Amino acid sequence: MGLRHHIPNAVTLLNLFSGCVAILFAVQGDFVFAAFFVFLGIFFDFFDGLLARKLQVQSPLGIQLDSLADLVTSGVVPGITMYKLIALSVDTGTWRMAQDWNETMGGNTSSAPLNALALMGLMIPLASAYRLARFNLDEDQQTYFKGLPVPANTLLILSLPLILEYQNNDLMNSIIINPWFLITVTFLSCFLLNSNIKLFALKFKDWSFRSNAMRYIFLLLSIVMLVVLQFAAIPPIILLYILLSLLDSKNIV
C-alpha cells in the first residue's frame, strides 16, 4: 500500500484530533474554542472524502475511520455542549441574560456537580452514533442524505452558545437559556438525525444551474442570512435546508 493510500486517513485523524481538543474546551465551558476546533474538524471531514475520491483510494477502513472521527467531533462535542447548557439553565433558577453569560462561562463550570436533567443532552451522541452506523450500512445515500447529517446537527447545537456569546440579544438569550427549549432542541435533533427525510447533498456532478438549482438557492440564501444574522442564522439555515430538500424530494435520486 503506497503513501497516497494513507493521506485521506491522516486527514480523518486530524478530524478526530480536532474533536478531542474540542471536548477539552467544551468540558471547561469554553464553547468558542470548542466550536473553532469542531469547525476545523468538519473542514478535515469534508476533505478526507474528497481526497480519497481524487486519489482513488477509497477503502472500507477509511469509511469506518471517518465515522469514528465524526462520532467524536460531531457527536460527543455537541452532546457535552448541550449538557452544559441545560445544566447552566437549570442551575441559574432564573435564566441568565447576555450580561451574565460571560461571567457564567468564566466560572468553575467544569467542577459543577452532575446534573440529572442535563444528562438528556447526552442523547445527542447516542443518536449520532446510531445515525452514523445506519449511514455506513445504507448504500443508497450517495447523492442525498437520509436524515440530518451529524455535522449539520453539530452546527445547530454549537450555534446556541455562540449566539449567547456574540449576539447580545436579550430575547434570543432568554429563549436559549430555557431548559425546556434546550430539551426540545435535543429531542428534535435526535429525531432529525435518524428520520427518513431525504436531504440533498452538496455534491455537484456539474455546475449547471438547472441540475443544481436547489443547491445554488440554498448556498446563496445561507450566505445572505449569515451576513445579516451572523451566528443566529445557523438554526434558520438548517430549517431552510430541510424545507428546500422537501420541495426537491421528487428530484432526489
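The values are calculated or read from the model by the stated rules, or taken from the named source; none is laboratory data. Being a predicted model, the structure only gives us computed values, none of them experimental. Here the Cβ is made from the backbone with ideal geometry for all residues, glycine too, and neighbour counts use every protein chain on show. Heads up: the accessible areas ignore ligands, DNA and RNA and are worked out on the full protein's heavy atoms, side chains in. Shrake-Rupley method; radii C 1.70, N 1.55, O 1.52, S 1.80 Å.
When Lys and Arg each count +1 and Asp and Glu each count -1, what net charge do the other residues less than 9 Å away from ALA69, Cβ to Cβ, add up to?
Working: positive: none; negative: ASP45, ASP48, ASP66, ASP70.
So the environment of ALA69 carries a net charge of -4.
If Lys and Arg each add +1 and Asp and Glu each add -1, what is the summed charge of the other residues whose beta carbon sits under 14 Å from the beta carbon of LYS146? Kindly include the intermediate steps, with their values, before the conclusion.
Values: positive: ARG131, ARG134, LYS198; negative: ASP138, GLU139, ASP140.
Counting the neighbours of LYS146, the net charge comes to 0.
State whether the stretch 119-253 is rounded, prolate or oblate according to the following rule on the C-alpha gyration tensor (a ≥ b ≥ c being the square roots of its eigenvalues): a/c under 1.5 gives rounded; otherwise a/b larger than b/c gives prolate, and the remaining case gives oblate. It would help to have the intermediate numbers written out before the result.
On the way: a/c = 2.63, a/b = 1.28, b/c = 2.05.
Verdict is oblate for the stretch 119-253.
Here's how it looks for PHE145: its modeled amide H is under 5 Å from those of LEU199, PHE200, ALA201, which are all 5 or more places away or on a different chain. Annotation: per residue accessible area for the stretch 12-87 equals 45 Å², rounded to a whole number [probe 1.4 Å, protein chains only].
For ALA34, neighbours were defined as the other residues whose beta-carbon sits under 12 Å from its Cβ, and their charges (Lys and Arg +1, Asp and Glu -1) total -1. Within the assembled protein chains, the solvent-accessible surface assigned to LEU221 is about 70 Å², based on a 1.4 Å probe. Projecting label points 7 angstrom from Cα along Cα→Cβ for LEU137 and SER174 puts them 4.7 nm apart.
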